[in-house]
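Written out below as C-alpha cells is the structure these notes cover.
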Amino acid sequence: MAKTTYNYKRYKMSEYELGVFPGARAGEIAENFTVRDQDGNDVSLEEYRGKWLVLETGSITCSMYVKNIGGIKKLQAKYPDVEFLVIYVREAHPGARLGPHETDEQKLEMADRLREFYGEPRKILVDNVDGDMHKAYGELPNMVYVINPDGKVIYRCNWAFPKNIDKVLANRDQLHTKEYMAIITAAPWVMIPVVLRGGWDALWDLMVALPMITIAHLKADFQNLKKKLSGGDTKAVE
C-alpha cells in the first residue's frame, strides 16, 4: 500500500519501510539540517561542530523512544562532554486525543507537552511540520545518530538503545557499522500507556497492525541477514 501523507491520521504499518535507511552512514559526514528549538529559534547541525553529539528521534506516542529516557539520563551523567539531543518528529501513533501535526506552531506546542509528560532531560529540537530532517535521516520513529566533532557519523541505528550508545561512546576512536536492530516493539507496560496518549483508537490501530508489524520486521531481519551473508552493499539494512 502506498504512503498517504507524512503526518498520517491513523497508524498503519504501510507508512514505514523498515529496510530503507537513507542518510549518512558510519564514516560519512552528517547532512546539515535546520530545525527549531522550543523558543522557535532556528538551530542547525553545523552549530554543533566541535562537539560529540547524540541525536535521537522521538514523539509523544512512540514507546520505543520513551523506554530510553531513563537510560539516557545515566549516559548524560557518564559522558558530560557529549551533547544529547532529541529531535521531535511526527507522532508515531496519532488518534482522537493527540492527532497528527497540522502546523509548525502546533508542533512546537506539542514539544512542550512531550517534556511535561516524560520529564525529558535533553534539549528538544523540533523538525518542521513536513518532516524535512526526519525524511533525510531515515524517517523511522526512533533512530539514533552519534556524530563526532568533525561532523562525521561514527554510528547510526534504526532503533535507539542506551546500552548500544554507551558502547559506542566508550569506543569513539572507531566506526560502528552495525546499524540494524531486530525488534518488534517496546514492552507492553511501556507501549500501552504511551500509545494511549494518542487515544484508544491509536492503541486499537497498533493492535490491529501487530501481525503486519511482525511480518515487516521478520522480512527486514531476513534481508539484513541475506545482505551480510552475501557480503553485498548493506546501505539499506546493515
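Derivation of every value follows stated rules applied to the coordinates shown; laboratory data play no part. These figures come from a predicted structure and were not determined experimentally. Note that we place each Cβ from the backbone using ideal geometry, even for glycine, and neighbour counts take in every protein chain shown.
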Only helices at least 20 Å long along their own axis, judged from Cα atoms, and with Kyte-Doolittle mean hydropathy of -1.0 or greater: name those in the chain from DSSP H.
200-230
Can you list the residues, at least 5 places off or on another chain, whose amide H is less than 5 Å from the amide H of W52, using H built in the peptide plane?
E83
Given the rule -39500 (n - 2.57) for each run of at least 4 DSSP H residues, summed and divided by the residues of the chain, what is its mean residue ellipticity at 222 nm, to the nearest 500 deg cm²/dmol?
-11000 deg cm²/dmol
Sequence of I72, I60 once ranked by neighbouring C-beta atoms within 10 Å, starting from the fewest:
I72, I60
Give me R113, R156, R197, R172 ranked fewest to most by other Cβ atoms within 10 Å of their Cβ, as a rough exposure proxy.
R113, R172, R197, R156
When F117, F161, F21 are arranged by how many other beta-carbons sit within 10 Å of their Cβ, fewest first, they go F117, F161, F21
Paramagnetic label zone (point 7 Å from Cα along Cα-to-C-beta, E47; backbone N under 18 Å) in the range 117-141
122-129, 132-134
For a quick check: with amide H placed at 1.01 Å from N, whose amide H comes under 5 Å from V43's, ignoring anything fewer than 5 positions away on the same chain?
V35, R36, D37
Long-range amide H partners of H101, meaning residues 5 or more apart or on another chain whose placed amide H is closer than 5 Å, are E91
